[in-house]
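Participant: What follows is a single structure, and I will ask about it in a moment.
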Amino acid sequence: MIADEIEKLKSEIWQEFENIDSLSELNNFRIKYIGKKGVITSYLKKLKDLTLEEKKRLGKELNQLKADIETRLKQKEKEILFKEEDKEVGLDLTLPGRRVFLGAIHPLSQIIDELCAIFSRLGFEIVTGPEIETEYYNFTALNIPDWHPARDMQATFYLKNGAILRTHTSPMQIRTMLERVPPLRIIAPGKVYRCDADVRHSPMFHQIEGLMVDREVSFSDLKGILTYFAKETFGEKTKVRFRPSYFPFTEPSVEMDIGCVICNSKGCRVCSYTGWLEILGAGMVHPEVFKAVNYDTEIWQGFAFGLGIERIAMIKYGIDDIRLFFENHLYFLESFK
Amino acid sequence: MRVPISWLSEFIDLKGSPEEIAEILTMGGIEVGSIEDPYENLGELVAVKILEVLEPEELKEIALCKVTDGKEVYTVITTAKDQVKPGLVLGLVKPGSTTFTFQKIEIKHIKKYQSYGMFLSPYEAGIGEEKDKLLILPEDAPLGESIYKILGISETVLELEITPNRGDVLSILGAARELHTLTSWELKPIKFEDYLKAGNKFKGKIEIEDKDGCFRYAGRFFANVKVQESPFHIQKKLWLCGLRPINNIVDITNYVLLEFGQPLHAFDWNKIKDHTIVIRKAKIGEKLLMLDGIEREFTEEDLVIADAEKPMVLAGIMGGEDSGVSEETAHIFLESAWFNPKRIRKSSQRHRITTESSYRFERGIDPEGVILGLLRASELILEIAKAEKFSEIMDLYPKPYIAPQILLSQKKLSKYLGFSIPLEEVENTLNKIGWVRRSEGSFEVIPYSYRQDLKIPEDLIEEVARIYGYEKIPTTYPKAVLYAKAPLDIINLENKVKNVLKSLGFFQIITYSFIDPKSLEKLNLSHDDPRKNLIEIANPIASTQSVMRTTLVPGLLETACFNLFREVNSLKIFEIGKVFFPTEDVLAYEPMHLGILLMGNNTEEIWYEEPRKFDIYDLKGYLEEFFEILKIPIQFKPYSSEPFLKKGVSFDLILNNSKIGFAGEVKNLILKEFDLKTNVLLAEIDLEPVLKQWEEVFKVKKPPKYPSTFRDVTCILKREIKIGDILEFIKSLSVLYLEKVKCIKIYEGPPIPEDEKSVSLRFWYRAPDRTLTDEEVNEIQEDLAKKIFIKFSAKPR
């Protein structure tokens, strides 16, 4: 019976189908069963001797089978093609990739940007000014007359025309106050110069000056702002302490220490076994300074602070030789990518 | 200022450990830099046992001892032949260490023998008078152990870092007073016997001629002093403070200086011409051979102590060699004075001398300490130098010191500190620094004479705050109007430049603003080059850092060299910083410059890429991208006339028809001057004109609506024809629909004739409102190609 044969054929076909594993097998299978001279075609031919009813029934069945095979072959083909792509031999992926290298911003520049960002958040404006200064702005207007022993605190570079290289960014206090009317909040980053050179001192280094003048700004506010700065810079858990100090242009004057971040305040070489690191000097603006810029001390008071960028960078990055910053060796610079 | 705890305790009842004292002082504003034991600082002074005593014949009077410190055996040579015997335990100072007598010990060689250190006498060890005997330690003393540990001897010295305003703390008494102010620990009274205040009639003459220079001048005469070495306890105290003993009279003046902060000066009475002492301005040209062996010439601004004829002392700073006390001195005159701090400071600066004395006078001494110091010295001179007689105290004090009356209102105090301290507490605090009268809401304070740093109410606020404790003052945030301006353009530009170059793979460097003038010579700049108009530093650290830079080039080249010598063969760096030019004014013109340097290869040797040397097209490419990002229409104008660049591979950078910089390859001869044995390219740009034109805006391009189409043309041209000229020519034709043209290929070599090159150009066409047809484009392209061919005598390939 031909109907039985067809049933048998079906099971043969699907059994063989399951074993197809490559595109060539797939092609052979296609030709063998559904090609123009394929098995199914030959069966269709055999149908012509049957009754009309059987012809109709089995013809339909065979055509359906052909369609099924085609559908499943398409699926199978996709599966095989997918697998084929994985069959390629794996490359030596232990080789390094084709890199494109980014440069880096100098660590001191990064610290300056970071600190400027912190104070900008507090509404301080960034101002800049000349690095070659007059003694008046650098000293005299800051209540450091020429006979004052405090001038010893800052070994000064003199220029042949009588100007000097600014020894600190504090002249920016004077320049800003003369230019503007209070209230004001500024920070002034920049290069400063002192005739000093060893592992801890560089003849050129960077500072940021800060100044706030307002009607009610007080010593406790100074503590608040500087504490905020310390925690933003060195982490929320940073301990701070305030010690009385002396700067001719502030009164009261203060120095801020942070708990040594190297030894966790246990005492180490960097903090001279005190557990504390000196970070900055600050104070309430001295009335003589306000006098120099014609601000009425009955109305205005304020605070100022100055901090050394190299020192902060050295503490933050654990660097013990300041000269590394100015030698600019590539290996050093690459660490700050 | 070194403060031995033992000395300090003679003045105050100490109720804390040295560490606690240090903490109190530091938190009170007198920073304690270190806490030390000077005995320990001497080095290795240890117990050793003599194993064997040899007496080599060639070394008479000397014994050679074999000793052990429990670990090793050394030989030590000693002259104390009769004091050494085997089994004895002695103190040995090892090489590299120092004795109490400031002797630095080294390995000594005598004939063929070596002495590893020296046996100590009690005096050399700094523990007793005896000089002739060796220090003998108990037989069971642990060998190799410090002799001070064995003997239980120690001292603690605080190193105080005193700010310039606190001259009053530059003494043991001052430190005691400060500690009292901060803690209320009891001060011990200072008393002098009455007879010290009297004395015989003074037989000399003293006159203050320069009353601006000398505020108070006191002194007294002592007869028949015995000038000799000081007793051990005086020497030891000086040693603890870091001073060397000289003779008893000089030592006493130093002792009182350290103890009371009052500088004194002793004269040899017989060397004072006419026994006349005049405090006057120096006369122009007057000279004095001073104690440091240097003869100095004075000006009228110098204050001197003179006799009837000549200056004897540069007042308050240093004495002359002649008039000083020596072993022959019999009678002395002892000076105790108060000089004008400003005058002392100026003289000290002018003559470049700083002494313990000038240091204190500059910072202001206690006017009342003048007599106190004199009394203390008198006491010691009688006791130690055995003076037989002494005169009354002469005290010339034309204008006695009047302390200021400072008014501090409670309101100001609270406003300044941001909170209120109870009135009682304020009063108690102020009581420690002066006499206080409290009235309605304010305090009237007259500071003690030694606190001359207190002048204005703000000074008192600091005193109240620091004595109360900075730590106890609350931490608050200011109340202010919420307002701030945007950052300055220059700061924005700097940040932009740094970020762009970082993204392009460059590293930012920072070099010194001062350079070596020779480096400009090396660059071969012509004499009239404005960069040779230098600002010179009068007191440079070194000649290599003696002028302010006018260009960033030397810094870039030196950084390249520094790296090249340290395993870095390729480099991409930039610096952004000021250069300095003199102006008519005192201040300089300080424009911001950008310098860029490329050195070596574009990549390291690596499996996927063949390295090639950086060339001018790399530099140009970076600059093109850089200026495009900044939207600055820069022109690259070949060729630059910078003398250090190879002309054929250099540009001037032009903005708005003026030169703002240059770029190019550095000449080999210049590289040699900078020790650079590799290829270097550099560029420098004045950012000031860039800043004027720079605006952070974006021109937004929309994706095109209709497709573009391109045509290529390849032609043979004379080699000297510049592609830029062709592109300019095309641009000048304003061809319809032509969007852009690029040179996509250049070929030189066979089969192209030697003086010609093959150039391929690609043209993109696009219409804004429709898709162009092939025919349209062909027509435009053919016409254009023809024009190019004619203009540049090109042949098709």
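The values are calculated or read from the model by the stated rules, or taken from the named source; none is laboratory data. All figures in this text were calculated on a predicted structure; none of them were measured in a lab. FYI the Cβ positions are ideal-geometry reconstructions off the backbone, even for glycines, and counts take in every protein chain you see.
Participant: Considering (1) more than 8 Å from chain B (Cβ to nearest Cβ); (2) under 37 Å from the mean Cα position of the chain (by Cα); (3) under 25 Å from B:I576 (Cβ atoms), say which one A:G90 fails and leave the rest.
Facilitator: All conditions are met except number (3).
Participant: Next question, about the same structure. Pick from segment B:344-365 the residues that are of a type in the set (S, T, N, Q) and surrounded by fewer than 22 Cβ atoms within 10 Å (Cβ to Cβ): which of them is farthest from B:E301 (Cα to Cα)?
Facilitator: B:T355
Participant: Spot the failing condition for B:P341; the list is (1) touching a Gly at 6+ places or on another chain (Cβ under 9 Å); (2) surrounded by fewer than 17 Cβ atoms within 10 Å (Cβ to Cβ); (3) not β-branched (V, I, T), and only one is missed.
Facilitator: The one condition B:P341 does not meet is (2).
Participant: Kindly indicate whether any position in segment B:320-331 is within 14 Å of chain A (Cβ to nearest Cβ), crowded, with 23+ Cβ neighbours inside 10 Å and over 28 Å from the mean Cα position of the chain (by Cα).
Facilitator: Narrowing segment B:320-331 to residues within 14 Å of chain A (Cβ to nearest Cβ): none.
No.
Participant: Then there's this: Among the listed residues A:Y193, A:Y228, A:Y273, identify the single one that is in contact with a strand residue (DSSP E or B) (Cβ under 7 Å, 6 or more places away or on another chain) and assigned by TED's automatic domain parsing to the domain that holds A:Q154.
Facilitator: Values: A:Y228 fails: in contact with a strand residue (DSSP E or B) (Cβ under 7 Å, 6 or more places away or on another chain); A:Y273 fails: in contact with a strand residue (DSSP E or B) (Cβ under 7 Å, 6 or more places away or on another chain).
None of the other options fit; the residue is A:Y193.
Participant: Has segment B:729-736 got at least one residue that is within 19 Å of B:Y617 (Cβ to Cβ) and not assigned by TED's automatic domain parsing to the domain that holds B:Y639?
Facilitator: Applying the first criterion (within 19 Å of B:Y617 (Cβ to Cβ)) to segment B:729-736 yields none.
No.
Participant: Given the condition free of Cβ contacts under 8 Å to residues at least 60 places away in the same chain, polar (S, T, N, Q) and outside any strand (DSSP E or B), answer yes or no: does some residue in segment B:770-793 qualify? Walk me through how you get there before you give the answer.
Facilitator: Quick first cut of segment B:770-793, residues free of Cβ contacts under 8 Å to residues at least 60 places away in the same chain only: B:773, B:775-776, B:779-780, B:782-784, B:786-787, B:790.
Now drop any that are not polar (S, T, N, Q), which leaves B:773.
Remaining after also requiring outside any strand (DSSP E or B): B:773.
Checked against the condition, which is being free of Cβ contacts under 8 Å to residues at least 60 places away in the same chain, polar (S, T, N, Q) and outside any strand (DSSP E or B), segment B:770-793 yields at least one hit.
Participant: Starting from residues that are hydroxyl-bearing (S, T, Y) and either part of a loop (DSSP other than H, G, I, E, B) or within 10 Å of chain A (Cβ to nearest Cβ) (or both), keep the ones in segment B:444-483 and report whichever is surrounded by the most Cβ atoms within 10 Å (Cβ to Cβ).
Facilitator: First, pick out the residues of segment B:444-483 that are hydroxyl-bearing (S, T, Y): B:448-450, B:468, B:470, B:475-477, B:483.
The next check asks that each one be either part of a loop (DSSP other than H, G, I, E, B) or within 10 Å of chain A (Cβ to nearest Cβ) (or both); those that pass are B:448-450, B:470, B:475-477, B:483.
On the way: B:Y448: 16, B:S449: 17, B:Y450: 21, B:Y470: 24, B:T475: 17, B:T476: 17, B:Y477: 13, B:Y483: 10.
The residue in question is B:Y470.
Participant: Also: Return the residue satisfying two criteria in turn: it lies in segment A:109-129 and is more than 8 Å from every other protein chain (Cβ to nearest Cβ) and of a type in the set (D, E, K, R), and of such residues it is farthest from the chain's Cα centre (by Cα).
Facilitator: Restricting to residues being more than 8 Å from every other protein chain (Cβ to nearest Cβ) and of a type in the set (D, E, K, R), the top hit is A:R121.
Participant: Given the conditions (1) farther than 16 Å from B:D453 by Cα; (2) in a helix (DSSP H, G or I); (3) not polar (S, T, N, Q), report the number of the one that B:E362 does not fulfil.
Facilitator: B:E362 satisfies all of (1) farther than 16 Å from B:D453 by Cα; (2) in a helix (DSSP H, G or I); (3) not polar (S, T, N, Q) except (1).
Participant: Another question about this same structure. Specify the residue that is surrounded by the most Cβ atoms within 10 Å (Cβ to Cβ); the eligible residues are those in segment B:544-572 that are assigned to a strand (DSSP E or B) and among the hydrophobic types (A, V, I, L, M, F, W, C). Can you show your working first?
Facilitator: Initial filter on segment B:544-572 (assigned to a strand (DSSP E or B)): B:547-548, B:571-572.
When the remaining residues are screened for being among the hydrophobic types (A, V, I, L, M, F, W, C), the result is B:547-548, B:571.
Working: B:V547: 24, B:M548: 26, B:L571: 23.
Among them, the one singled out is B:M548.
Participant: So, one more: Being more than 14 Å from chain A (Cβ to nearest Cβ) and either under 30 Å from the mean Cα position of the chain (by Cα) or surrounded by 15 or more Cβ atoms within 10 Å (Cβ to Cβ) (or both) is the filter; apply it to segment B:522-539 and report the residue that is nearest to B:D686 (Cα to Cα). Outline the logic, then answer.
Facilitator: Step one: of segment B:522-539, the residues more than 14 Å from chain A (Cβ to nearest Cβ) are B:522-532.
In the following step, the residues that additionally are either under 30 Å from the mean Cα position of the chain (by Cα) or surrounded by 15 or more Cβ atoms within 10 Å (Cβ to Cβ) (or both) were identified as B:522-523, B:525, B:529, B:531-532.
On the way: B:K522: 22, B:L523: 18, B:L525: 18, B:D529: 16, B:R531: 13, B:K532: 17 Å.
Filtering segment B:522-539 for residues that are more than 14 Å from chain A (Cβ to nearest Cβ) and either under 30 Å from the mean Cα position of the chain (by Cα) or surrounded by 15 or more Cβ atoms within 10 Å (Cβ to Cβ) (or both), the one nearest to B:D686 (Cα to Cα) comes out as B:R531.
Participant: Follow-up question, since we're still on this one. So in segment A:37-61, with the set limited to residues that are closer than 17 Å to A:T71 by Cα and charged (D, E, K, R), which one is surrounded by the most Cβ atoms within 10 Å (Cβ to Cβ)?
Facilitator: Here the answer is A:E61.
Participant: Another one. Can you tell me which residue among B:E40, B:E20 is at pLDDT 90 or above and within 14 Å of chain A (Cβ to nearest Cβ)?
Facilitator: Checking each option against the conditions leaves just B:E20.
Participant: For segment B:702-757: of the residues being assigned to a helix (DSSP H, G or I) and small (G, A, S), which is nearest to B:A794 (Cα to Cα)?
Facilitator: Filtering segment B:702-757 down to residues assigned to a helix (DSSP H, G or I) leaves B:723-732.
Subsequent filtering for residues that are small (G, A, S) retains B:724, B:732.
Numbers: B:G724: 15, B:S732: 18 Å.
Checked segment B:702-757; the qualifying residue nearest to B:A794 (Cα to Cα) is B:G724.
Participant: Right, next: Applying the selection to segment A:135-184, what residues are β-branched (V, I, T) and either facing chain B (nearest Cβ under 9 Å) or buried (at least 19 other Cβ atoms within 10 Å of the Cβ) (or both)?
Facilitator: From segment A:135-184, those β-branched (V, I, T) are A:140, A:144, A:156, A:164, A:167, A:169, A:174, A:176, A:181; that's our starting set.
Once the filter is applied, which keeps residues that are β-branched (V, I, T) and either facing chain B (nearest Cβ under 9 Å) or buried (at least 19 other Cβ atoms within 10 Å of the Cβ) (or both), segment A:135-184 yields A:I144, A:T156, A:I164, A:T167, A:T169, A:I174, A:T176.
Participant: Go over the candidates A:C271, A:C263 one by one and state the one that is assigned to a loop (DSSP other than H, G, I, E, B), touching a Leu at 6+ places or on another chain (Cβ under 8 Å) and either within 13 Å of chain B (Cβ to nearest Cβ) or under 28 Å from B:L25 (Cα atoms) (or both). Explain how you work it out, then say what you get.
Facilitator: Details: A:C263 fails: touching a Leu at 6+ places or on another chain (Cβ under 8 Å).
One residue alone meets the criteria, A:C271.
Participant: Which of the residues belonging to segment B:508-542 are over 29 Å from A:Y331 (Cα atoms) and either among the small types (G, A, S) or touching a His at 6+ places or on another chain (Cβ under 8 Å) (or both)?
Facilitator: Answer for segment B:508-542, where residues must be over 29 Å from A:Y331 (Cα atoms) and either among the small types (G, A, S) or touching a His at 6+ places or on another chain (Cβ under 8 Å) (or both): B:S526, B:A538.
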